[in-house]
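Beneath this line is the structure, given in structure tokens, with notes to follow.
The values are calculated or read from the model by the stated rules, or taken from the named source; none is laboratory data. Given the structure is predicted, the values throughout are model-derived calculations rather than measurements. Positions of Cβ are generated from backbone atoms using ideal geometry, with glycine treated the same way; all protein chains shown enter the neighbour counts. Side chains included, ligands, DNA and RNA excluded: accessible areas come from the protein's heavy atoms. Shrake-Rupley method; radii C 1.70, N 1.55, O 1.52, S 1.80 Å.
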Amino acid sequence: MPTYDYQCKQCGYTFETFQSMKDDALKVCPKCGQESLKRLIGTGAGVIFQGNGFYETDYKKKAPEKAASSEPS
Ligand SMILES: [Zn+2]
């Protein structure tokens, strides 16, 4: 059974709950009672929002360095 993280956009309350896949997403915040819950992606064990690797590959800029020194012999 996966755990889901919810965060209330209203009061900022964050909590984790067990739900089965086919359950509807929760809406009502147990703290403030507003329908402003947002389900966070990621299954309990930390958030998987770290896409660091992507940047670095973009940065790979290989400028061709030509040794423009002509040696007269
Ligand atoms: Zn709330």
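Note on the stretch 24-43: residues that are part of a loop (DSSP other than H, G, I, E, B) and surrounded by 11 or more Cβ atoms within 10 Å (Cβ to Cβ) amount to 13. So for the stretch 40-48 (the condition being modelled with pLDDT of 65 or more, closer than 23 Å to T3 by Cβ and out of contact with any Asp or Glu (no Cβ under 6 Å at 6 or more places or on another chain)), does at least one residue qualify? Yes; the residues of the stretch 40-48 include at least one that is modelled with pLDDT of 65 or more, closer than 23 Å to T3 by Cβ and out of contact with any Asp or Glu (no Cβ under 6 Å at 6 or more places or on another chain).
Residue count for the stretch 1-23, restricted to those that are open to solvent by 60 Å² or more (accessible area, probe 1.4 Å), assigned to a loop (DSSP other than H, G, I, E, B) and more than 9 Å from the ligand (Cβ to nearest atom): 4.
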